[in-house]
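Structure first, then comments.
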There are 2 protein chains.
Amino acid sequence: MSLTVMKFGGSSVGTTERMGRVAQRIVDKKLQGDRVVVVVSAMGDTTDDLIDKANEINANPPAREMDMLLTTGEQISVALLSMAIHKLGHDAKSYTGWQAGIVTEPTHGRAKIGDISPERILSSLDEGNIVIVAGFQGMTEAGEITTLGRGGSDTTAVALAAALKADVCEIYTDVDGIYSTDPRVVKCARKLNEISYDEMLELAHLGAAVLHPRAVEYAKHYKVNLVVRSSFTNNAGTLVREEAQMEQGIVVRGIASDKNVARISVLGVEDEPGVLATMFGALAEHGIDVDIIVQSGVQGGKADFSFTVSMNDRAKALDVLAGLKPKVPYLETTYEEGLVKVSIVGAGMVSNPGVAARMFEAISSVGVSIKMVSTSEIKVSCVIAAEPLQEVVRALHTAYGLDTADTAFVGGPSERR
Amino acid sequence: MSLTVMKFGGSSVGTTERMGRVAQRIVDKKLQGDRVVVVVSAMGDTTDDLIDKANEINANPPAREMDMLLTTGEQISVALLSMAIHKLGHDAKSYTGWQAGIVTEPTHGRAKIGDISPERILSSLDEGNIVIVAGFQGMTEAGEITTLGRGGSDTTAVALAAALKADVCEIYTDVDGIYSTDPRVVKCARKLNEISYDEMLELAHLGAAVLHPRAVEYAKHYKVNLVVRSSFTNNAGTLVREEAQMEQGIVVRGIASDKNVARISVLGVEDEPGVLATMFGALAEHGIDVDIIVQSGVQGGKADFSFTVSMNDRAKALDVLAGLKPKVPYLETTYEEGLVKVSIVGAGMVSNPGVAARMFEAISSVGVSIKMVSTSEIKVSCVIAAEPLQEVVRALHTAYGLDTADTAFVGGPSERR
């Protein structure tokens, strides 16, 4: 008998009526003969309402007490969901994070899961129960209640699936899978049947809302088969696993774009050892996340650097550089705002020459010039002007054969595990 | 340094603004040099809202899941109250029932506290914290979350006070103490300075809303000094303890009245051994609570019985009696509805002859006839017609010298512990 972990987000259980539909879905799974563990987030706006209440009382509440407060949201969800399953005539038991044996490091607000003792969950399954576990929360060894931070319920689900050696961890959400690119941008974007952990991490911007990168890292580490699928339809969803099968003739899995990129150039930097380390060390110290770094050739003992940061960090980054001038002499800084990073991702590109060249061609075919390039084994990123982004993404989508209908696989991931 | 347990009910923390006032009150106590443990109920309507939500999903939810659901109400309260205290610049830590070491029997919805392991609370106090504990909840030895049923937060406070060997357990509520009778009935009803556990139990109807009988029993068993006082004023309140000091010349502490009483008479019962046992055994089996029982003299081998039940149970009791007729022959049953039981309570009456006679005089002085009488060491109850109840209670209040101003004690209970 297989064991499935199902995770439902806050919008899937946002109303008591939706809660009932989710309960039916869980019962259907159980009736297929599966042992079922369910992880749930807080209902709809519950967490925001609790945060508002806290702020009314104390604008700067202690993190420990925020965790005490916010964990009630998931506890309410699991209790109500269990009641909804009982209403359908099936046995269910709800558990808080600490009851489910989820032990975290002693940090509040963003604790990492250290260990899971799954004995209680396993014996509850043995009793024939559908087990419902509160997402996003755990307990320290000293018995303090903690939360896991953003994407916490995804991480709970994946960590439980790993500890329980589940056959699959299904993440139910309001979209029906991971797409080859944003369907709001490219109409013929298509749902991927499979994707590898590494590709998924690179494509974070396509999936961030449905699947938190931390949960993907956890899944990769413990080799948990993840499925992203819709809570509202029965469509098959996308399977995220170690080695995703590539479809015939497809080397690029998906296309991501990241708006609000600023490029900063530092010109005429003295070409001495340690200069780069000093410069980027200072930026890191100020919490500035630097993405692509490009160094042009050295001329007359002076070099030019360019790097990208998010628009929000642009002014701060220029301040930091200004402060560095006495220590790291340079001629001047320039910057350009409102750029976009567009990336193609696919594990197959490492063995396919000419993938990057095809990208440059596609971008230039719509009259856009490339400002920066960065590559990894499974990704090529280009920084370009923000407009016309839609045309660029569409051209890339076509260039890599992603527009054609999905015929390589007949069944969805659920048939294949 | 003394240790005080303070308990605040749901209406005292019903809004974030009230929560702030309660926090100030707690801080004031702490600044007096006291070590302070606070027990809080769920805010205002939180519990009712949660029950409504559960009923929307399942009209007959499992008791285990109701406990999972309802305990979030107190967890929200303790977290917010702790934040409010931090806002005032003092250290506080909140704890759920299980974190506070409150172990209950394995029953849901109305578990009794079995044991308290106060180590964690004590070491938190040693760290200098104000300790905030969620009322109404505990955990079984197997780690299941339980609730204590009605009056649960009072019981949590008293049980914690006993386990921590607190000097006093203060129950804060929306009235400023226990009154000699219902102030809505008798204008000159006055607040009692002291009352004994036994008197308090007999006067349950005067204090049920502010102090649950179970908490009083617990306090009596562990000899916990209880104070009932207002969360909105600084008045001294009422001290409930083992031996309450009687004021000069006062033998009756208070007057309670219980409406909705029905009297049932069984006439011409065969006077055989075991007849009473059969009759009242059958009523008990059907869950009918019989209060006063009176047997008139036996004439010609036949006896008449009268007993009182609540109006709700009247029809059911008559049905049970009709079913008994073949087994316990009797002539007929009669009943009278809409009666009232009025009681005088005072530990001093056992050593004061004529207390009952004065009651009968006072009742007859307003032209009311007495239908039944029942006495115990500290109580005399009379069943009378429902009208004019106010005049009867006023006459009794005057007859026992309760109208005079309270002069026997100058200070309130807080000065005396």
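Based on what the data block shows, is residue A:97 surrounded by 24 or more Cβ atoms within 10 Å (Cβ to Cβ) and part of a loop (DSSP other than H, G, I, E, B)?
Yes; evaluated as a whole, the condition is true for this residue.
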Restricting attention to the stretch B:30-48, and to residues there that are charged (D, E, K, R) and at pLDDT 95 or above, which single residue is nearest to residue B:133 (Cα to Cα)? B:35
Would you confirm whether any residue within the stretch B:20-38 is within 10 Å of another protein chain (Cβ to nearest Cβ), surrounded by fewer than 24 Cβ atoms within 10 Å (Cβ to Cβ) and over 25 Å from the mean Cα position of the chain (by Cα)? yes
Just to be sure I understand the filter: pairs with C-beta atoms under 7 Å, separated by 6 or more residues or on different chains, first member in the stretch B:339-353 and part of a strand (DSSP E or B), second member open to solvent by less than 20 Å² (accessible area, probe 1.4 Å) and basic (Lys, Arg). Which pairs pass? B:345/B:253
In the stretch A:313-360, what count of residues is obtained for those that are more than 24 Å from residue A:279 (Cβ to Cβ), at pLDDT 90 or above and out of contact with any Lys or Arg (no Cβ under 9 Å at 6 or more places or on another chain)? 3
For the stretch A:197-215, which positions are out of contact with any strand residue (DSSP E or B) (no Cβ under 7 Å at 6 or more places or on another chain) and either hydroxyl-bearing (Ser, Thr, Tyr) or modelled with pLDDT of 80 or more (or both)? A:198, A:201, A:212, A:213, A:214, A:215
Of the residues in the stretch B:109-140, how many are more than 12 Å from chain A (Cβ to nearest Cβ), more than 21 Å from the chain's Cα centre (by Cα) and open to solvent by 40 Å² or more (accessible area, probe 1.4 Å)? 4
Which of the strands (runs of 3 or more DSSP E) found entirely inside the stretch A:111-166 contain at least 1 residues meeting this: within 28 Å of residue B:101 (Cβ to Cβ) and of a type in the set (S, T, N, Q)? A:137-139, A:145-147
Qualifying residues in the stretch A:39-52 (those that are among the small types (Gly, Ala, Ser) and open to solvent by 10 Å² or more (accessible area, probe 1.4 Å)) - the one nearest to the other protein chains (Cβ to nearest Cβ): A:44
When the stretch B:89-106 is checked residue by residue, the ones that are among the β-branched types (Val, Ile, Thr) and either more than 28 Å from residue B:31 (Cβ to Cβ) or more than 8 Å from every other protein chain (Cβ to nearest Cβ) (or both) are B:102, B:103, B:104
Every residue in the stretch A:269-290 that is modelled with pLDDT of 85 or more and crowded, with 17+ Cβ neighbours inside 10 Å, please. A:269, A:279, A:282, A:283, A:288
Take the stretch B:2-19 and flag every residue that is of a type outside the set (D, E, K, R) and either buried (at least 23 other Cβ atoms within 10 Å of the Cβ) or in contact with a strand residue (DSSP E or B) (Cβ under 6 Å, 6 or more places away or on another chain) (or both). B:3, B:4, B:5, B:6, B:8, B:9, B:12, B:13, B:19
Residue A:55 of a type in the set (S, T, N, Q), assigned to a loop (DSSP other than H, G, I, E, B) and within 14 Å of chain B (Cβ to nearest Cβ): no
Per the filter on the stretch A:291-348, residues touching a strand residue (DSSP E or B) at 6+ places or on another chain (Cβ under 6 Å), open to solvent by less than 40 Å² (accessible area, probe 1.4 Å) and within 30 Å of residue A:243 (Cα to Cα) are A:292, A:340, A:341, A:342, A:343, A:344, A:345
Filter pass, residue A:134 being closer than 24 Å to residue B:64 by Cα, modelled with pLDDT of 95 or more and in the same structural domain as residue A:235 (by TED's automatic domain parsing): yes
Among the residues of the stretch B:350-365, are any open to solvent by less than 70 Å² (accessible area, probe 1.4 Å), closer than 23 Å to residue B:201 by Cα and within 23 Å of the chain's Cα centre (by Cα)? no
Please work out if residue A:406 is of a type in the set (D, E, K, R), outside any strand (DSSP E or B) and modelled with pLDDT under 90. yes
Within the stretch A:156-165, residues open to solvent by 10 Å² or more (accessible area, probe 1.4 Å) and either charged (D, E, K, R) or under 11 Å from residue A:7 (Cβ atoms) (or both) come out as A:165
Count, please, the residues in the stretch B:65-88 that happen to be over 25 Å from residue A:61 (Cα atoms), open to solvent by 10 Å² or more (accessible area, probe 1.4 Å) and within 7 Å of another protein chain (Cβ to nearest Cβ). 0
For residue B:105, which of the numbered conditions (1) out of contact with any Lys or Arg (no Cβ under 7 Å at 6 or more places or on another chain); (2) open to solvent by 10 Å² or more (accessible area, probe 1.4 Å) fails to hold? (1)
If I filter the stretch B:29-40 for residues that are farther than 19 Å from residue B:126 by Cα and touching a residue at least 12 places away in the same chain (Cβ under 8 Å), do I get at least one hit? yes
Take residue A:1 and tell me if it is more than 8 Å from every other protein chain (Cβ to nearest Cβ) and of a type in the set (A, V, I, L, M, F, W, C). yes
How about the stretch B:171-267: which helices (runs of 4 or more DSSP H) wholly inside it have at least 3 residues that are outside the structural domain of residue B:279 (by TED's automatic domain parsing) and free of Cβ contacts under 8 Å to residues at least 12 places away in the same chain? none
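The values are calculated or read from the model by the stated rules, or taken from the named source; none is laboratory data. Note that the coordinates shown come from a computational prediction; the quantities given were computed from them, not determined experimentally. Positions of Cβ are backbone-derived with ideal geometry, glycine not excepted, and every protein chain shown enters the neighbour counts. Areas reflect the complete protein model, heavy atoms only, side chains present, ligands, DNA and RNA absent. Shrake-Rupley method; radii C 1.70, N 1.55, O 1.52, S 1.80 Å.
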